[in-house]
Amino acid sequence: MIAARSRQIAFVVQEKGKPMRLLTQSEIDIVAGGGGSSNDWTWTVTAPHDWPDYDDPSNYNDPNPDGAGPSGGGGGGAQDHYNASDFRTTATGADLVELERAIDYIALSPTGRAILDWAKSNNITIKIDHGNRDSNRLDTKEITWDPFGALHLKDDTGKYIDKYQSAALGLIHEIAHLYYAANFSGFGPSPDPKWHTVDEQYIIQHWESDIAKDLGEPSRTNHFGDSYDEPDSVTADGP
């Protein structure tokens, strides 16, 4: 079953007996026609905010029906529990605890879980850096992440607003860069300077915002914002 889960339409698919994942750009191009089939699955496309059974696990052909099914809106749980050991990581001690906490939190979002599934099967590396400077390296499939570095959002003019995102959302944002590079084309400056680059714009508008909505966090309307410290990876109360 495929669901479209934002006004920008981020497609999530789960093939029977396989983990949930995001559609590739070529699949999106096909699906945009309104439906079709590919090998052992078929699909229909629904209005992005009018799918009434988004929280019903039966709609996903769940290969693990006894486990927790997919859920949106910050409720429910992940289909499977994720462990930090699912990924290559330099995290130890409190950082490892926060990585576990962050990935389980992200997995509450179907889009977040789809990106985590991809990351798990593609051997990405998560490095820890307490400098509040999350980043990624596409050539080595590495990200650098601060477990305590939340984000203070700004408006489109660059002024601070009273909205904040958790460090966990920063984690999945950086992983999404690796996913984008592996499955999509299009890099370089964005025509709209508030996004800086076309990949940042796509990731924020399609995936980050979708995950933020599921987790009850605010969405960005630009690629602005500054890091600040929080006591853990899932809190975003402001400095």
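The values are calculated or read from the model by the stated rules, or taken from the named source; none is laboratory data. As the structure is a computational prediction, the values presented were derived from the model and not from experiment. Note that we place each Cβ from the backbone using ideal geometry, even for glycine, and neighbour counts take in every protein chain shown. Areas reflect the complete protein model, heavy atoms only, side chains present, ligands, DNA and RNA absent. Shrake-Rupley method; radii C 1.70, N 1.55, O 1.52, S 1.80 Å.
Only one of the numbered conditions (1) of a type in the set (A, V, I, L, M); (2) more than 23 Å from Pro110 (Cβ to Cβ); (3) in contact with a helix residue (DSSP H, G or I) (Cβ under 7 Å, 6 or more places away or on another chain) is not met by Leu153, and that is (3). In the range 177-218, which residue that is open to solvent by 50 Å² or more (accessible area, probe 1.4 Å) and in a loop (DSSP other than H, G, I, E, B) is farthest from Asp139 (Cα to Cα)? Residue satisfying both the conditions and the ranking: Gly216. Taking every residue in the range 212-231 that is more than 22 Å from Asp95 (Cα to Cα) and pairing it with any residue that is outside any loop (DSSP other than H, G, I, E, B) and of a type in the set (Phe, Trp, Tyr), at least 6 positions away or on another chain, the pairs with Cβ-Cβ distances below 6 Å are His223/Trp195. Of all residues in the range 228-239, one or more are on the phi < 0 side of the Ramachandran plot, among the aliphatic types (A, V, I, L, M), assigned to a loop (DSSP other than H, G, I, E, B) and at pLDDT 90 or above. The residue of the range 134-166 that is farthest from the chain's Cα centre (by Cα), among those that are surrounded by 19 or more Cβ atoms within 10 Å (Cβ to Cβ) and of a type in the set (Ser, Thr, Tyr), is Tyr164. Filter the range 105-133 for residues that are assigned to a helix (DSSP H, G or I), open to solvent by 20 Å² or more (accessible area, probe 1.4 Å) and within 14 Å of Gly170 (Cα to Cα) and give the result. Selection gives Tyr105 alone.
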